[in-house]
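One structure is given here, and the rest of the page talks about it.
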Amino acid sequence: MKKLLLGSIVLTAFALAISLFQISSCTKTNAQQPATKPTTYPIEGLWTGAYTVDLQPGLGERYFGFSIKPDSTIIIESSAGGQQNLSVGKWTLRDSVFVCTVTSVYGVANNVNVTQTMIGKWDKSGKLTQGAWQTSGQPNNYGKFTLARIN
């Protein structure tokens, strides 16, 4: 009888030890998640936003779309008088200063062959702000723009 009682105690202790091991191995810890770096975006890509014409404030904001290519070329789509306008040219980026010069190749007749220069502040978070544009020659216009990268 003593052997049976001793065996029962050993078996119970063994079962209890296994149960404690399983319970302790299933506890969750509040491990620190690694800090994530903010996402950064290159200047190359698709950008959309709006532009204004300072000499015609009644026009309000109008659509602006940039396709900035890795080979330093740029295609700009805009809208004027209900007409789509397309311009092509070159761009540069020095530090955070974005500059491009484009020539209109399609759109409102008096805008075709007009050259525009644009400058803005690029931000790695995917924004082009403090944008200003100006045409050279006729029609002589200038204004502002803002863009956000389509990610």
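Can you give me the number of residues within segment 37-53 that are under 10 Å from the mean Cα position of the chain (by Cα) and part of a strand (DSSP E or B)?
Within segment 37-53, residues that are under 10 Å from the mean Cα position of the chain (by Cα) and part of a strand (DSSP E or B) number 3.
Quick check on Ser136: is it over 19 Å from Trp47 (Cβ atoms), touching a strand residue (DSSP E or B) at 6+ places or on another chain (Cβ under 8 Å) and of a type in the set (S, T, N, Q)?
Here the answer is yes, as Ser136 does meet what is asked.
Just one of the numbered conditions (1) in contact (Cβ under 8 Å) with a residue 24 or more places away in the chain; (2) in contact with a helix residue (DSSP H, G or I) (Cβ under 8 Å, 6 or more places away or on another chain) is not true of Ser104; which one?
Status for Ser104: all satisfied but (1).
Does segment 140-149 contain any residue that is more than 22 Å from the chain's Cα centre (by Cα), of a type outside the set (A, V, I, L, M) and either more than 19 Å from Asp54 (Cβ to Cβ) or loosely packed, with under 13 Cβ neighbours inside 10 Å (or both)?
Yes: segment 140-149 contains one or more residues that are more than 22 Å from the chain's Cα centre (by Cα), of a type outside the set (A, V, I, L, M) and either more than 19 Å from Asp54 (Cβ to Cβ) or loosely packed, with under 13 Cβ neighbours inside 10 Å (or both).
When segment 58-84 is examined, which residues are found to be over 19 Å from Val108 (Cβ atoms) and not in a strand (DSSP E or B)?
Listed by number, the residues that qualify are Lys69, Pro70, Asp71, Ser72.
Restricting attention to segment 116-139, which residues are part of a strand (DSSP E or B), polar (S, T, N, Q) and touching a residue at least 24 places away in the same chain (Cβ under 8 Å)?
Scanning segment 116-139 gives a single hit, Gln116.
Report, by residue number, each residue of segment 106-122 that is over 18 Å from Leu147 (Cα atoms) and surrounded by 14 or more Cβ atoms within 10 Å (Cβ to Cβ).
If the condition is that a residue be over 18 Å from Leu147 (Cα atoms) and surrounded by 14 or more Cβ atoms within 10 Å (Cβ to Cβ), then Gly107, Val108, Asn111, Val112, Val114, Thr115 are the ones that fit.
Output the number of residues of segment 85-115 satisfying the condition of being more than 15 Å from Ser136 (Cβ to Cβ), in a strand (DSSP E or B) and in contact with a Phe, Trp or Tyr (Cβ under 9 Å, 6 or more places away or on another chain).
Adding up the residues that qualify gives 7.
If you go through segment 68-84 one residue at a time, how many are more than 17 Å from Ser136 (Cα to Cα) and surrounded by 15 or more Cβ atoms within 10 Å (Cβ to Cβ)?
Residues flagged as more than 17 Å from Ser136 (Cα to Cα) and surrounded by 15 or more Cβ atoms within 10 Å (Cβ to Cβ) within segment 68-84 amount to 7.
Which condition does Gly49 not pass, out of (1) free of Cβ contacts under 8 Å to residues at least 60 places away in the same chain; (2) surrounded by 16 or more Cβ atoms within 10 Å (Cβ to Cβ), if it passes all the others?
Only one criterion is unmet by Gly49, namely (1).
Rule-based calculations on the coordinates, nothing more; no lab input. Just so it is clear, the model here is predicted, and its values are computed rather than measured. A quick note on method: Cβ atoms are made from the backbone with ideal geometry, for glycine too, and the neighbour counts reach across all protein chains shown.
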